[in-house]
Amino acid sequence: MSFRLKEAIDTAYQLCDALEKSSIWDKNNTASARDIFRGELFHFLLNLSFTDGKLTAAESKFIKEYLGFDYSVSELKEYAITHRVYSSDFTNNMPYCFKAFVKADNDINSVNETASLILNLYRRLGQAFIKCDGSDKSEGYSLSVFCNNMETYIDSKLVESANKSFSYIIEKDSDVKLPVKETPAYTPTFPDSDTQNQDTESATETDAEETEPEKTLEELLDELNSLIGLEKVKTDVNSLINLVKIRKIRQERGMDSPDMSLHMVFSGNPGTGKTTIARLLAEIYKAMGLLSKGHLIETDRSGLVGGYVGQTALKVQEVAQKAKGGVLFIDEAYSLTVNRSSTDYGFEAVDTLLKYMEDNRDDLIVIVAGYPEPMEEFLNSNPGLKSRFNKYLHFDDYTPDELIGILKLNARKADLKLSENAEKFALDFFVKRCENRPENYANGRDVRNFFEKALINQANRLASFEIIEDDQLTTLEVEDFNTILL
């Protein structure tokens, strides 16, 4: 399970609680915003699964882990049929809660920050769901179309009144309920996804086969060193790992070893791989026996700073407790100390965090990240920060060749390739992009957006074809890129 994704879902539930208290929410709804949203995520995953005509045990397990609905494959199929869940046109139907978030954002400030977070959650949840039993092109295509339609809905701001509920969620004269089954009354079986008549196996056996083994230290180091670009970062990380290795050997042989802080500062522009390296470090230190869990908890100012006296310390302790045994990654950490007014509690967050770091120094690593200059100001804002964060990694912007490498890697993961002309066009695009980097340039994230828009363009191009060859489905052409403006 991805702790970051589960945390994102929990954050969305909290947003639903706030939405329910707002004037936007229809008070006649018989279910809470949280339950409706959870049900919508459930139906979204079922629709995504049925896109390729099958539902697998891995997908059933994924739904249980992330949404808490404990159904076997056969029970999920029965539920979908009984409640008429599947719709081939689901990508055009915007979820009720999502539309309510868009309306709430537009009524408040027309920025659509919350709706964009919900959109990002759908995208991340869908991507993880597709990967849980092997990537599927049809599912990936449906997810891209669905998320693109959500993005279009946000941009257009043609918001509906958010007082019309979907029948499968709230149907006041119906017996149809949100799925509430958490624990099965019997041990379910998981039939083969392609036929109902083949031999079945017990849930226990299936779970045992699907449990992903932890990666070895060697595998994690290979993953680190195979990353595109980041050459200086990889060198520094490998040196740090070697230092930790030798220190551990000395300790095992009864030799004295100087105290060593593993807390780190990551500086660099957005999209340069900081979160990826932090995740790998968490897993590497777990493999080396330095951390008990090896997970990554990512947060920022909003997750640490409260709005009134006493709330900030509780928020910091809650987040830090979740991160214990792994790495706490604080993005844009300098935002904690930019405001020195008496009504801002950013400095209280820093003080509380420093104490927690000291009390749990043997099983918690904190990584603070952000732009280079503001991070230096952040470290100078409190005497305790400089002493605890004495390891610095700077993440350079990607070069055009590295960006094209990331683009081709994204394509390979989606079972796609670039034609020769498309690759030349993309490289020329990234060369010009790097020569005139905009202020909000996001490196790898720009590549991801570039790729996703190319997928949409390819789909629009191929949709009118009467006959589509396999090679056309798996090749991105220059016309799929030349209309993209980032």
Burial-style ranking of 214-224, 92-102, average other-beta-carbon count within 10 Å with highest first, yields 92-102, 214-224
Output ordering of 40-47, 257-264 (per-residue mean of other Cβ within 10 Å, highest first) is 40-47, 257-264
For the stretch 1-71 the trypsin sites (Lys or Arg not before Pro) that pass both the DSSP coil test and the at-most-14 other-Cβ-within-10 Å test are Lys27
Taking the square root of 5λ for each eigenvalue of the C-alpha gyration tensor of the stretch 402-484, the equivalent ellipsoid has semi-axes, largest first and in whole angstrom, of 24, 12, 11
Length-normalised contact order of the stretch 400-480, Cα under 8 Å, at least 6 apart, in percent, tallies to 48
Ordered by fewest other Cβ atoms within 10 Å, a rough proxy for footprinting exposure, Arg247, Arg388 read Arg247, Arg388
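If you add up the charges near Trp25, with Lys and Arg at +1 and Asp and Glu at -1, over every other residue whose beta carbon is less than 11 angstrom from its beta carbon, what do you get?
0
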What the 10 Å binned alpha carbon P(r) of the stretch 241-306 shows, as percent of pairs per bin from 0, is 17, 40, 30, 12, 2
The stretch 401-445 and the stretch 294-344 have their Cα centres apart by a whole-number Å value of 34
Taking Cα pairs closer than 8 Å and at least 6 residues apart, the relative contact order of the stretch 217-395 in percent is 30
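We did not get these values from a lab; they are worked out from the coordinates using the rules stated. Since we're looking at a predicted model, the values are computed, not measured. Cβ sites come from the backbone with ideal geometry, for glycine too, and all protein chains shown count toward neighbours.
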